[in-house]
Each structure stands twice: as C-alpha cells, then as structure tokens.
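Asks: Got a structure here, written out as structure tokens. Questions coming.
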Amino acid sequence: MKDFFEAINTFLWAAPLIVGIMGTGLILTLVLGGLQFRKLGFALRNTLLKVFDKSHKDHDGDISPFAALSTALAATVGTGNIVGVSLAIILGGPGAIFWMWVAAIFGMATKFSEVSLALAFRENKDGRFVGGPMYYIKNGLGKDGLAKTFALFAGIAVFGIGNSTQSNAIAGVLKSNYNINPVITGLILAIIVGFVIVGGISSISKVTSKLVPLMSLLYILGSIYLLFLNRAYIIPAFKSIFLGAFSPASLGGSFVGLTFKQVISSGVARGVFTNEAGLGSSPIAHASASTDHPCRQGLWGMSEVFVDTIIICTMTALVILTSQISWTSSSDASSLVANAFAESTNYGSYVVSIGLTLFALSTIMGWAYYGETALTYLFGDKIVIPYRILYIIFVFVGANVDLGLVWIIANILNALMALPNLYALIMLGPVVKRLATDFFKDPTRIRKSPDEYKDLLNIK
C-alpha cells in the first residue's frame, strides 16, 4: 500500500505538477506583462516598508494586510525552508537552487494572481470575510463542484501537511538535540495551538504577526553570521549554483551522473513546496485582509514569495554550500543542514533547532485557518468546533507516531489541491489582467467601495 501511494506521489510531484505550476506561472507572467519584474520594487516598498501603515482600517476586511501576510507566511515558512532546501541540494546538487529561484520568480506572478482573485471574489459571511480558491472558482467560474473538490482536498490535507508532519518535525529536533520526550512536546504544542486557534483568524493573525517577523529575523541574522565566518566560500557557492543549474557534470564528483531534468525537478518541486505558489493555500489567509483593491493585497502576496524563497531559502542554501560538510555524499537532509549550521560555531545548532521549531509551529497555526475555511465551505459553521478539537488531537498524535503513509497521502492531497486552482488561475487570468490594469493606472488612489472594480469581474 505504501509503495502504491509513494508511486502516485512521485508521479504527481514530478512532471504533472511541475509543468502545471511552472506553465501557469509563465502564462500569468505573459498575461500580466512581466508584472513581477516591473513592479517588484514597488511591491516591496509598499508592503514590507509599510507594515505599520494603519490606513487599512477604513476598508472592508477583518485583519490588517500585514497580519494577513504574516498568517500566510506562517504557513509557508516551515520545515521546507530548512530541510526542504537541504533535500533539493542532495537530490539535484547546487544547481537545484537556481531552479528554485526560477520557480519563485514565476511564483510571484502566480501568487499575485491568487491573492488578487481571493480578494476580488471573497464573501461576507455574517460580518466575516472569507475567500480563497473555492470562492473564486465558484463565483468567478461558476463551478461549485470544482470548488468543493478543492475544499475537500484542502480540508483533509491540512491534517498531514500543515499539522501532524510539522509537530513530528518539532518533536524530532527537540528529542535529538535536547532529549525532550515527544509526549511532553506534543502536549505543550497541543495546548499552545489550542489557545491560539480558538479565536479564529483574528487570534491566529495576532500571534503570527509577532512570531513570523521575530523567527524570520533570528534565522536570517544567524545565517548571515555563519556566512560571515565562511565568507571566503560565498563566491564559489554561487558559482556552483549557476554551473550546476545547466551543467551538473561540470562540478565533477557525484554530480557527474546527474541529469539536467533531475536538477530542474528537484529545485522546482522544493521551491513550490516552500512558497506554495499555485497550491491555493495562502490566498485563504490573504482574503481576510482589509484593503481597498484586490491588487493592493496581491502585492503582499508577491512579497510573500520573495521573502520565503529568495531570502530565507537562499540563506539556508548558502550556509550549506559554504560549509565544509560533505554535502556531495550526504543522503540525510536533516543531518546535512544541522551539521552545516553547527560546523563553524556552537550557536549554529541553536539556529537550526529554534528555527525549525518556530517555523513548524507557525505552519501549524497558519494551516489551522486554511482547513477551517475549507471545511466550513463544505459543511457550514457547525464543523468549526469538531474541526478544532480534531486538529489539536492531531498535533499531539503527530508528535508521537511514525507518520509514514500519512505523510505520503498528505503530499498527494497537497498536489491534488493545486490542480483545480491552476485551472482557475488560467481561466481567470484575463480578470487579473483587468484588475491589475485598473489598479496601476493610479495605485495611490483609494477606492471607497468594491463597486469601483466589480464591473471588471464580469459579475452582475
């Protein structure tokens, strides 16, 4: 049974998903006229440099744009940014990092589109704003059945991808580094998560808006310090990335047998897994943001991919590639990244263990809202309390069992989530184009009402 599901998982995360996600990113890049290249500087200036802007309070929404970004980043910045990058290097060599960057560049157009559509087609449910792929599939394409398919995949996948596998990673790193009993870890995690998710998106966003900047800053500063110690190897590291991206055999050693296809697939797959562009998950968090125009929040989505992959994942990759650890012969992603960080200083091990713990914990919190929104779409508000109880139980269980088949099935469901979302993004590409054109005619103009752009959605 495990071999059967593993074969399905390998197939989905190989050609179908890579072609689908990269192809969608390319199509949206063309439709939007290379928006991520033309407007990246504008996006960063008007998002990350305006985190304390309070003007959003005058607009519809439940939480601030930054809080929405933090919740989305909480879910995307996870174990993939540490262990996933290490695995990409093991499977595809240093060149995989180049293709991870490429996936992120196209992913910016995808994430901009996802988030913009999530805001454009969101609904007001008893004074609470909800949105995401299921809503823009239903309201934008008129395909409620396809919307329910996405919601079903997301509602089940959340217990694996966003929950039990994350608590398992935390329990593992605390057990190996500090000999903490997984039962204790699972119990503490379940209590923390329970207190946070009981208040819904407002409570989750309050925690993540403080946790995400703190954990990201600590990890980046720790990585920069290690790179300073190994600064003599930074240029060779970049050289190996660019050479390995197109000619892995030129690096010699174990890379002689690597094919161009392996390098690309390793980098793209791990890149998608870290920033989730195209999977349809983070637009669910962004849909709650208070904003005057969908594309203004779309800029935050673009910045999300930049922070997640271009900054944090690159830091992990450079620490590994500048270390003297034999990453060319390593087969264990967790050990490779741990040894690379611990090589130059004893503080390095703390960077990994604390970073992995906080990253995984934030993912559990962010995905809690994704699952709740997806299942509420299917079953209504009556599912909220049972879902939260079950979610907390899975946090504890995940920390104490060998997940095995659960991880594989969750990975499959995560891939299946992307398929209806990618279809919707391509079909609704013209809507995103109209919204973007309207917004960038005068991005400083504040829209007083959604009626000012509703006619662009072809909704009567």
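The values are calculated or read from the model by the stated rules, or taken from the named source; none is laboratory data. Being a predicted model, the structure only gives us computed values, none of them experimental. Note that each Cβ is placed from the backbone with ideal geometry, even for glycine, and that neighbours are counted across all protein chains shown. Keep in mind that these areas ignore ligands, DNA and RNA; they rest on the heavy atoms of the full protein, side chains included. Shrake-Rupley method; radii C 1.70, N 1.55, O 1.52, S 1.80 Å.
Asks: Hey, could you check the range 352-372 for residues that are surrounded by 24 or more Cβ atoms within 10 Å (Cβ to Cβ) and of a type in the set (Val, Ile, Thr) and say which is farthest from Met417 (Cα to Cα)?
Replies: Val352
Asks: Filter the range 191-228 down to residues that are small (Gly, Ala, Ser) and touching a Ser or Thr at 6+ places or on another chain (Cβ under 8 Å), then give me how many there are.
Replies: 3
Asks: Let me ask you something else. Within the range 1-98, which helices (runs of 4 or more DSSP H) (wholly inside it) include 1 or more residues that are modelled with pLDDT under 85 and either among the acidic types (Asp, Glu) or open to solvent by 50 Å² or more (accessible area, probe 1.4 Å) (or both)? Lay out the reasoning, then the answer.
Replies: Numbers: elements: 2-12, 15-31, 35-38, 40-45, 65-76, 83-92.
Correct list: 2-12, 15-31, 83-92.
Asks: With respect to Asn411, determine if the residue is over 30 Å from Arg45 (Cβ atoms) and open to solvent by 70 Å² or more (accessible area, probe 1.4 Å). It would help to see each step written out before you state the result.
Replies: Details: over 30 Å from Arg45 (Cβ atoms): yes; open to solvent by 70 Å² or more (accessible area, probe 1.4 Å): no.
In short, no.
Asks: Within the range 291-322, can you find the residues that are among the acidic types (Asp, Glu) and either open to solvent by 10 Å² or more (accessible area, probe 1.4 Å) or over 15 Å from Ser113 (Cβ atoms) (or both)?
Replies: Asp292, Asp308
Asks: If I ask for residues that are in contact with a Leu (Cβ under 9 Å, 6 or more places away or on another chain) and within 16 Å of Ile170 (Cβ to Cβ), which ones from the range 399-412 would you list?
Replies: Ala399
Asks: If I go through the range 174-230 residue by residue, how many of them are farther than 18 Å from Val351 by Cα and either among the acidic types (Asp, Glu) or in a helix (DSSP H, G or I) (or both)?
Replies: 27
Asks: Right, another one. Which condition number in (1) open to solvent by 10 Å² or more (accessible area, probe 1.4 Å); (2) of a type outside the set (S, T, N, Q); (3) over 21 Å from the mean Cα position of the chain (by Cα) is the one that Leu416 fails?
Replies: (3)
Asks: For the condition within 21 Å of the chain's Cα centre (by Cα), surrounded by fewer than 21 Cβ atoms within 10 Å (Cβ to Cβ) and more than 10 Å from Ala399 (Cβ to Cβ), what is the one hit in Ile161, Ile156, Ile180?
Replies: Result of the check over Ile161, Ile156, Ile180: Ile156.
Asks: Looking at (1) under 27 Å from the mean Cα position of the chain (by Cα); (2) modelled with pLDDT under 85; (3) surrounded by 15 or more Cβ atoms within 10 Å (Cβ to Cβ), find the lone condition where Ala249 falls short.
Replies: Of (1) under 27 Å from the mean Cα position of the chain (by Cα); (2) modelled with pLDDT under 85; (3) surrounded by 15 or more Cβ atoms within 10 Å (Cβ to Cβ), only one is false for Ala249: (1).
Asks: Pick out the one residue from Phe195, Phe228 that is under 28 Å from Thr376 (Cβ atoms), free of Cβ contacts under 8 Å to residues at least 40 places away in the same chain, of a type outside the set (Gly, Ala, Ser) and open to solvent by 90 Å² or more (accessible area, probe 1.4 Å). Even if it seems obvious, please write down each step before you answer.
Replies: Numbers: Phe228 fails: under 28 Å from Thr376 (Cβ atoms).
Sole residue among the options that is under 28 Å from Thr376 (Cβ atoms), free of Cβ contacts under 8 Å to residues at least 40 places away in the same chain, of a type outside the set (Gly, Ala, Ser) and open to solvent by 90 Å² or more (accessible area, probe 1.4 Å): Phe195.
Asks: For the range 334-351, name all the residues that are crowded, with 21+ Cβ neighbours inside 10 Å and either aliphatic (A, V, I, L, M) or in contact with a Ser or Thr (Cβ under 7 Å, 6 or more places away or on another chain) (or both).
Replies: Leu336, Val337, Ala338, Ala340, Phe341, Val351
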